[in-house]
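Step one of this worksheet: look at the structure below.
The values are calculated or read from the model by the stated rules, or taken from the named source; none is laboratory data. Nothing here was measured: the structure is a model prediction, and the numbers come from that model. Please note: Cβ atoms are built from the backbone with ideal geometry, for glycine as well, and neighbour counts cover all protein chains shown. Heads up: the accessible areas ignore ligands, DNA and RNA and are worked out on the full protein's heavy atoms, side chains in. Shrake-Rupley method; radii C 1.70, N 1.55, O 1.52, S 1.80 Å.
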Amino acid sequence: MLIAGNWKMNKTATEGVSVIKNILSSVQQITSVDIAICPPFTSLASGSALISQENVWLGAQNMHHEPLGAYTGEISASMLKDLSVSCVILGHSERRSYFGETDEFINKKVLSALQNHLIPILCVGETLEEREQNRTMEVISRQVRKGVAGIPEQAIDQLVLAYEPVWAIGTGRTATPEMAQEVHAYIRKLLSEIFSQQKAEKVRILYGGSMKPDNAASLLAQPDVDGGLIGGASLDAASFVNIIKSAL
Ligand code: 13P
């Protein structure tokens, strides 16, 4: 299991320190769940100085695929690696919709992350309109196929996918465990077609979208749900830790 917290654009570096400290002090005994804390870039340096537990990863929320250069405002994989960042969220629906990120652009980032030994958490998910038009699987298929194109066979076990139905993000509307399982199983089937069944079984597929302490256990109990990507409920150390505990 992998439980990842996506803080989005919340918390100053100063505020972040106390949240990270509170999380760390509550998970010292937990070794069977991988935990990722993905604060804004401005908290990565202080987060890096605080985290030493092996199963607690520091994560970023985005990166640029080029190694360096004239890309004002961007951050490269090597800059993240230098701060002991282990994973990076890529293709989040907020980046797709507000910042115009395309499947092709996201794919470049995924490949660059893997080349730099960063674990990409590739996000996919349909909008409400797409679900109502029965286009969920078509959208997921396109996002997954384009997102993972060109990944070398030996790097696949480093890949993490996150299914985040857009209509469930920040809305309090969660996919039912059955709805999540249906799409997760479909993603795994796609991965087994693209790579192999053996490889597909190694990819962790997280669910994200209004996951909270009171609904986490039933979602995480689904056979193809290998963890969660948590937004709002990860901003409070106690609720994030409760979700981690429901993955034990
Ligand atoms: P919420 O948990 O706030 O719905 O956000 C989910 C998400 O977008 C995580 O990346």
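For this structure, a couple of remarks:
- For ASP236, ASP34, the ranking by accessible surface with the largest value first comes to ASP236, ASP34, using a 1.4 Å probe.
- Exposure of LEU220 as accessible area (Å², to 10), given a probe of 1.4 Å and all protein chains: 10
- The apolar share of the surface of the chain, taken as the fraction of accessible area on carbon and sulfur atoms (1.4 Å probe, ligands and nucleic acids excluded), comes to 51 percent.
- Solvent-accessible area per residue for region 23-62 (1.4 angstrom probe, square angstrom): 41
- Mean accessible surface per residue for region 112-242, computed with a 1.4 Å probe while every protein chain stays in place, in Å²: 41
- Shape category assigned to the chain from the gyration tensor of Cα positions, a/c cut at 1.5: rounded
- Peptides 48-57, 152-161 ranked from most to least packed by the mean count of surrounding Cβ atoms within 10 Å: 152-161, 48-57.
- When the residues PHE99, PHE195 are ordered by accessible surface, computed with a 1.4 Å probe over the protein chains alone, the sequence from largest down reads PHE99, PHE195.
- Approximate spin-label separation GLN53-SER25, in nm, with each point projected 7 Å along Cα-to-Cβ: 1.3
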